[in-house]
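The values are calculated or read from the model by the stated rules, or taken from the named source; none is laboratory data. Just so we're clear, the structure is a prediction, and the values are computed from it rather than from any experiment. Cβ placement follows ideal geometry from the backbone for every residue including glycine, while neighbour counts extend to all protein chains displayed. Only protein heavy atoms, including side chains, enter the accessible area calculation; ligands, DNA and RNA are left aside. Shrake-Rupley method; radii C 1.70, N 1.55, O 1.52, S 1.80 Å.
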Amino acid sequence: MSNLFDYIEWRGDIPFEQVPLNQIDALMFAHITYSLFDGLVPESFSESITFEQLAKNFKAAPDFEKRTNVGFLINKQTTELLFRCAESERYKKVKLCGMKVVFDEKKREQFAAILYSFGDVKILAFRGTDDTLMGWEEDFNLAYLDEIPAQVDALAYFKEAAAALKGNFVIVGHSKGGNLAVNTAVRCGEELQKRIDLVYNFDGPGFSKEFFASAEYKAMEKKISSVYPEFSVVGMLFNHPKKYQIVESSENAVMQHDAMSWQILGSAFVQKKRFNSGSIFFAKGFNKWVDGLSKEDRKTFVNALFNVINASGAKTIDEMQNNVLPCSAKMLAAYASLDRPTKKEVRHILGLFKESMESALPVIKLISR
């Protein structure tokens, strides 16, 4: 079984001038974007730093230990992956610039982006959902908002990069970053679409049926590459593209969302023919449930859910894990304090979710035969 570390061992000595950018490189850039580069990568597009120098500065940073803690849900080896890239001929001279990080509690937004470049190639990468509860709340808001704040900022970021730099772009992202990559490419306008060579969506949550039926999406469809693990949960939220790859993972169940577990052979993914039946079950049930709710119902449920979660006082999943008992007590108290109509609505919505999941079982049994 081989992953991104093995890929660096196999291809790390071959520069991009000899072997051009491929989908594994795209995943590498998407995943490295989870690293906490704040203050180490220039914010402007006119200045840059190489992977090689960035790794040195990262190690020397006074808050090094804090920067290595990428959160409970992000692979702990992410920092080591950065260092391996910085030592390889393939990646060490790659330049990074345009670092942008947004945490806006008022907007309930978590957003980050970096631009990588070598030669004439420019890779614009959007960070996926991190360890912050606010980031997860923004993801849930996709259920009822036509546009979340991170999508607005992602589009603005691409327009700024396109105005500052000449040539074309490759846009990549994992998890929510994949959603931002697709949304940006579709909604950036006809002229900017011409400057996009490829879009890589790695297990990003989907969109409405209307989004995929739009002329703007149709114009970009052939340039969008979507990749999902065999057991995909995040990528199966809402509707996803008709064309996609399914990749083998060394992890089980929902942990397959970790892109560092995806299996690689040479410069390609080890592919599977179909999704795991559990993933299909979840997708069928969840999406039937969401489609059956009004936007107002979705908003009520998400707001109630995160009012309870945020009452824990924790800012990250890591904090919640380390303070399970006090956080749980505060959350139970917050649920108890909800008004009666809200409690009734939440119970009703959860009941519909149970019904939707149960109705998906016959389909899964049929598929699994």
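For region 233-341, a Kirkwood hydrodynamic radius built from all Cα pairs, placed in the Stokes-Einstein relation at 10 °C and 1.306 mPa s, yields a translational diffusion coefficient of 93 µm²/s. Could you let me know the centre-to-centre spacing of region 191-219 and region 58-134, using Cα atoms, in angstrom? With region 191-219 and region 58-134 each reduced to a Cα centre, they are spaced 24 Å.
Would you mind telling me the share, in percent, of accessible area of region 92-159 contributed by carbon and sulfur at probe 1.4 angstrom? Before the final figure, lay out each step's value.
On the way: 1260 of 2360 Å².
Accessible surface attributable to carbon and sulfur in region 92-159 totals 53 percent.
Residues 127, 195, 274, 67 ordered from highest to lowest accessible area at a 1.4 Å probe: 274, 195, 67, 127.
Only DSSP H runs of four or more residues enter the estimate; each adds -39500 (n - 2.57), and after division by the residues of the chain the mean residue ellipticity at 222 nm equals -14000 deg cm²/dmol. Distance from the C-alpha centroid of region 1-57 to that of region 227-274: 21 Å, rounded to the whole angstrom.
The charge dipole of region 196-299, taken about the Cα centre with unit charges on the Cβ atoms of Lys, Arg (+1) and Asp, Glu (-1), comes to about 380 debye, rounded to the nearest 20.
The residues of the chain expose on average 47 square angstrom of accessible surface per residue, using a 1.4 Å probe on protein heavy atoms.
Could you list the square roots of 5 times each eigenvalue of the Cα gyration tensor of the chain, that is, the equivalent ellipsoid semi-axes, sorted largest first and rounded to whole Å?
Numbers: eigenvalues 225, 115, 88 Å².
Largest first, the chain gives 34, 24, 21 Å.
In the structure shown, the pairs 223/284; 295/343; 242/288; 95/272; 93/176; 76/272 are assessed against 24 Å; a Cα-Cα span above that value is assigned to 223/284; 95/272; 93/176; 76/272.
Relative protection proxy for 42-48, 6-12, from highest mean packing down: 6-12, 42-48 (other beta-carbon atoms within 10 angstrom). The residue list 193, 269, 353 was ranked by how far each Cα lies along the charge dipole of the chain toward its positive end, using unit charges on Cβ atoms, and 353 comes out on top. Given +1 at the Cβ of Lys and Arg, -1 at the Cβ of Asp and Glu and no other charges, the dipole of region 10-141 around its Cα centre is 240 debye to the nearest 20.
Farthest towards the positive end of the charge dipole of the chain, among the residues 279, 60, 45, is the Cα of 279, using unit charges on the Cβ of Lys, Arg, Asp and Glu.
Full extension of the chain between residue 59 and residue 343 gives 97.3 nm of extra length, using 0.36 nm per residue less the Cα-Cα distance. Grab the beta carbon distance between residue 222 and residue 265, set R0 = 35 Å, and tell me the FRET efficiency rounded to 0.05. The calculated FRET efficiency here is 0.90. Note on residue 106: aspartates and glutamates with a C-alpha under 13 Å away, same-chain residues under 8 apart excluded, are 137, 138.
Using only side-chain charges placed at the Cβ, +1 for Lys and Arg and -1 for Asp and Glu, the dipole size of region 80-231 relative to its Cα centre rounds to 700 debye. Of all beta bridges that DSSP places with both ends in the chain, some 55 percent have antiparallel geometry. Only protein heavy atoms count here; on that basis, with a 1.4 Å probe, residue 184 has an accessible area of about 0 Å².
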